[in-house]
Each structure stands twice: as C-alpha cells, then as structure tokens.
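This report concerns only the one structure given below.
The values are calculated or read from the model by the stated rules, or taken from the named source; none is laboratory data. Here the structure is a predicted model, which is why all the values come from computation and not from measurement. Here the Cβ positions follow ideal geometry from the backbone for every residue, glycine too, while neighbour counts run over all protein chains shown. Each accessible area value is taken on the protein alone, full model and side chains, heavy atoms only, with ligands, DNA and RNA left out. Shrake-Rupley method; radii C 1.70, N 1.55, O 1.52, S 1.80 Å.
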Amino acid sequence: PFNLKLDTGVGKQGKILADGVVNLAPVSAKLKVQTKDIDLRVAQSYITPFMRLELRSGMLGSDLAVDLKSTDPLAFSVTGRAQVDQLHTLDTLKTRDFLKWQQLVLEGLNYQHGDSLSIDKVNLFQPYARFMINEDRTTNIDDLLIPQPPDTGAKTTAAKPASNNKPLGIHIGGIAINDGSGNFADFSLTPNFATAVQQLNGQIGTIDSRQAKPASVDIKGKVDRYAPVTI
C-alpha cells in the first residue's frame, strides 16, 4: 500500500482534493475526497441525447469517503455529504425555466455499488419547477424526453442477464422544502387552468423503493401570493 494525495483544479474554479491509501495488487483504496465548485455544465453532452434540456448553471461540492474494495468484480462504497448550488435548467423547446434551485444538500449519503443508495435527508432551498399537463394528458416532461431507438440484436441478448439483477434500492429519509415556488397548468381541463405557487414550505417523509409504503407529504404555500394552498 502507498499513500496518495491529489490536489487539482477542474475547469475555471473547481477543485478536487483526495487523500488516502491505495493498493495495486489486488486493487483497493480508501480515500477521503472533497470537491468544491465543480461546474456541472460539463454534463450537458450527457443530457443532450436524452432530453431537450439546457443546463445553464450548477456547482457541485462534496465531502466523501470512498472505499474501493475491488475492481474485478467492481465493488465500492461512497459515504458522506454533497450539495449542488445555483442549479438552473432551461426547457429548450419553449425556452423557459424548467427546474432550478438555490441549493440542494444531501446529508448522510451512502452508496453501495450495485446494491443501494441511501440518503438521510434532502434539503432544498428555493426550489422552482414548471409542470404542465397538455390537452392529450401528456406533460411537459414527456415533451422534453427524446425517444430512444430500441436495442436490437446482440445488444438485447447481452442485456438479458443483467435484467435478472435486483434493482438498486433507494432510500431517502426525508425531504425538506424551503421557500419553494412553481408554475402549474392543466390544459386538459375546460376552461384551461394555470397558476403560480409561491412560499412553499414543508416536508416529504421517508421514500423507500423496497417498501410499498407511501411517503407522507405536508407542504403549505400560497397560490398567486394570496390564497393558501396545502399539499
């Protein structure tokens, strides 16, 4: 085993710091990893083939412990916390805001590769979302998704064994919404209905993909700044 220390920049202002012990034969590592101000716009090329969405801004910060147990088979875990600041996405079909927030903080992050992702708490500060139901009951999210060609031939055969694997277990202890807002419209109704919602504050309870149990929702806000709304 040898000690590894990495201190590097990413883009104009991003930083990655890593510190820990690495072993080469067999490959294993235990590292403390910190990221600061990583510009998420580098992810745009991964989004473009699947969604008509422009990532206008977003900065990633994290404080993580990475435990690489082996590479063949690949086995590792990531624990710690992460946050994304100043996220702003744009619907490129209509050129308008789709999803944005001032800050998203993930506390108690625990990812076990191939098995589970657990997050103790999600804190959202000033989140905004636009949700619209079209006349045919599809939504603005459907409009943004780019249809993908079906896998054919050898790809399908190769994919079949993987489908026997159990799906990733996802557990979120709770979501706190602070000063949220949004736009909602339903064009399947006559007359059409559209409204802005502000001052959304509240909680969403535990979400667990391995338990068929609904999450509690308790959110309060204002419609068009005056009328109360409860969810």
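Do the conditions hold for residue 221, that is, is it farther than 28 Å from residue 97 by Cα and surrounded by 14 or more Cβ atoms within 10 Å (Cβ to Cβ)?
no
Okay, residues lined up against (1) free of Cβ contacts under 8 Å to residues at least 12 places away in the same chain; (2) under 24 Å from the mean Cα position of the chain (by Cα):
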residue	(1), (2)
165	no, yes
171	no, yes
187	no, no
193	yes, no
197	no, yes
210	no, yes
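Hey, can you tell me all the residues within segment 3-43 that are open to solvent by 100 Å² or more (accessible area, probe 1.4 Å) and either among the polar types (S, T, N, Q) or not in a strand (DSSP E or B) (or both)?
Within segment 3-43, 3, 12, 13, 26, 41, 42 meet the criteria.
Restricting to segment 91-112, what's the tally of residues that are buried (at least 17 other Cβ atoms within 10 Å of the Cβ), under 12 Å from residue 144 (Cα atoms) and among the basic types (Lys, Arg)?
Adding up the residues that qualify gives 0.
Return yes when residue 85 is at pLDDT 95 or above, open to solvent by 70 Å² or more (accessible area, probe 1.4 Å), touching a strand residue (DSSP E or B) at 6+ places or on another chain (Cβ under 8 Å) and assigned to a strand (DSSP E or B) and no when it is not.
Spelling it out, it is not the case that residue 85 is at pLDDT 95 or above, open to solvent by 70 Å² or more (accessible area, probe 1.4 Å), touching a strand residue (DSSP E or B) at 6+ places or on another chain (Cβ under 8 Å) and assigned to a strand (DSSP E or B).
Name, by its number, the condition in (1) open to solvent by 60 Å² or more (accessible area, probe 1.4 Å); (2) more than 24 Å from the chain's Cα centre (by Cα); (3) not basic (Lys, Arg) that does not hold for residue 63.
For residue 63, the exception is condition (2).
Evaluate segment 191-198: report whether one residue or more is open to solvent by 70 Å² or more (accessible area, probe 1.4 Å), among the hydrophobic types (A, V, I, L, M, F, W, C), in contact with an Asp or Glu (Cβ under 6 Å, 6 or more places away or on another chain) and more than 23 Å from residue 105 (Cα to Cα).
Yes - at least one qualifying residue is present in segment 191-198.
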